[in-house]
Amino acid sequence: MSINRKFFFDRVRTHLYKNGLDQDAVDGHSAILDRWEKDIPKDDDRWLAYMLATAYHETGGRMQPVEENLNYSAKRLLEVFPGRFKDAAEAARYAGKPEKIANRVYADRLGNGDEASGEGWRYRGRGLVQITGKTNYEKFGIAESPDDALQTDGALTMLFDGMIEGRYTGKSLGDFFDGPREEWVEARRIVNGYDRADDIARYAKHYYSAISYTTG
């Protein structure tokens, strides 16, 4: 059986895209559904729902691979990265300079070298799930070609393999959705602790309600 696309998109428009669903978002959803039907249609539909919700959150509803926006003001740098900037004057020297910001905030972590190495910028967030840092790019074999995370096939592989196999944090979809076990909020630990966990759980439940199958 295949997913009933009309029912799916009617539900998604009603609950998640009340201002309209553009063609890019339709195409992005369709690519995820196609990959699911092709590779793992007999697995738990809650896995699919949570992957869709994660992509919805990480891409701001665009459902296309995106690149991290690092164009921060000095004020936002101090709010978002308080441990990386000692005062407003230092933050001001980086404000509005995305490459310089990335090299500072991602230096000496996630497998990256120091600020001068340029690896913070080279391995900035990309994809349907925003993978960041050299170590994470190496997990998917694209450390030498990080822009592959912006290609549809590569981004889908990182979404599916990363969440099903637990490549991001060691936690996988099967840890939270398995038989009677159903932990929509806790599942955020697959990717990023508890950041926006309640919101993503809500999106996932809407997606779950949209998954129905044709009979022929």
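For Asp175, only one of the following conditions fails: (1) exposed (fewer than 15 other Cβ atoms within 10 Å of the Cβ); (2) closer than 20 Å to Asp43 by Cα; (3) not hydrophobic (A, V, I, L, M, F, W, C). What is its number?
Failing condition for Asp175: (1).
Determine, yes or no, whether Tyr194 is touching a helix residue (DSSP H, G or I) at 6+ places or on another chain (Cβ under 6 Å), loosely packed, with under 15 Cβ neighbours inside 10 Å and either of a type outside the set (Val, Ile, Thr) or touching a residue at least 12 places away in the same chain (Cβ under 8 Å) (or both).
Yes; evaluated as a whole, the condition is true for this residue.
How many residues does region 73-117 hold that are assigned to a helix (DSSP H, G or I) and more than 23 Å from Gly162 (Cβ to Cβ)? Even if it seems obvious, please write down each step before you answer.
From region 73-117, those assigned to a helix (DSSP H, G or I) are 74-80, 88-94, 98-105, 115-117; that's our starting set.
Those left that are additionally more than 23 Å from Gly162 (Cβ to Cβ): 74-80, 88-94, 98-101, 103-104, 115-117.
Final tally of qualifying residues: 23.
Hey, does region 16-25 have a residue that's over 30 Å from Ile101 (Cβ atoms), assigned to a helix (DSSP H, G or I) and touching a Leu at 6+ places or on another chain (Cβ under 7 Å)? Reasoning before the result, please.
Of region 16-25, the ones over 30 Å from Ile101 (Cβ atoms) are 16-21, 23.
Filter once more, so that each one left must be assigned to a helix (DSSP H, G or I): 23.
Narrowing the set further to residues that are touching a Leu at 6+ places or on another chain (Cβ under 7 Å) leaves none.
Taking every residue of region 16-25 in turn, none turns out to be over 30 Å from Ile101 (Cβ atoms), assigned to a helix (DSSP H, G or I) and touching a Leu at 6+ places or on another chain (Cβ under 7 Å).
Considering each residue of region 52-72, count those that are under 30 Å from Ile32 (Cα atoms), not hydrophobic (A, V, I, L, M, F, W, C) and not in a helix (DSSP H, G or I), and give that number.
The number of residues fulfilling the criteria is 10.
From the list Ala107, Ala88, which one is open to solvent by less than 40 Å² (accessible area, probe 1.4 Å) and small (Gly, Ala, Ser)?
Exactly one residue qualifies, and that residue is Ala107.
Got a sec? Which helices (runs of 4 or more DSSP H) wholly within region 118-191 have at least 2 residues that are at pLDDT below 95 and of a type outside the set (Ser, Thr, Tyr)?
Numbers: elements: 119-122, 134-139, 152-164.
It comes to 134-139, 152-164.
Only one residue in Leu48, Leu78, Leu70 is touching a residue at least 40 places away in the same chain (Cβ under 8 Å), over 24 Å from Phe177 (Cα atoms) and among the aliphatic types (A, V, I, L, M), so which one is that?
Values: Leu48 fails: over 24 Å from Phe177 (Cα atoms); Leu78 fails: touching a residue at least 40 places away in the same chain (Cβ under 8 Å).
Among Leu48, Leu78, Leu70, only Leu70 is touching a residue at least 40 places away in the same chain (Cβ under 8 Å), over 24 Å from Phe177 (Cα atoms) and among the aliphatic types (A, V, I, L, M).
Does Leu16 satisfy being of a type in the set (A, V, I, L, M), at negative phi, open to solvent by less than 40 Å² (accessible area, probe 1.4 Å) and touching a His at 6+ places or on another chain (Cβ under 7 Å)? Let's see the steps before the verdict.
Numbers: of a type in the set (A, V, I, L, M): yes; at negative phi: yes; open to solvent by less than 40 Å² (accessible area, probe 1.4 Å): yes; touching a His at 6+ places or on another chain (Cβ under 7 Å): yes.
Judged against the criteria, Leu16 is a match.
For residues in region 169-216 being in contact with an Asp or Glu (Cβ under 7 Å, 6 or more places away or on another chain) and of a type in the set (Phe, Trp, Tyr), which is nearest to Ile131 (Cα to Cα)?
Phe176
For region 135-147, state whether one or more residues are surrounded by 20 or more Cβ atoms within 10 Å (Cβ to Cβ), within 17 Å of the chain's Cα centre (by Cα) and under 30 Å from Ser209 (Cα atoms).
Scanning region 135-147 turns up no residue that is surrounded by 20 or more Cβ atoms within 10 Å (Cβ to Cβ), within 17 Å of the chain's Cα centre (by Cα) and under 30 Å from Ser209 (Cα atoms).
Look at region 37-51 and say how many of its residues are in a helix (DSSP H, G or I) and surrounded by fewer than 21 Cβ atoms within 10 Å (Cβ to Cβ).
As a first pass, look at region 37-51 and keep what is in a helix (DSSP H, G or I): 37-39, 45-51.
Those left that are additionally surrounded by fewer than 21 Cβ atoms within 10 Å (Cβ to Cβ): 37-39, 45.
Here the count works out to 4.
The values are calculated or read from the model by the stated rules, or taken from the named source; none is laboratory data. Every value quoted in this text rests on a predicted model; they were computed, and no experiment measured them. Using ideal geometry, Cβ is built from the backbone for each residue, glycine included, and neighbour counts are taken over all protein chains shown. All accessible areas refer to the heavy atoms of the entire protein, side chains included, with ligands and DNA or RNA removed. Shrake-Rupley method; radii C 1.70, N 1.55, O 1.52, S 1.80 Å.
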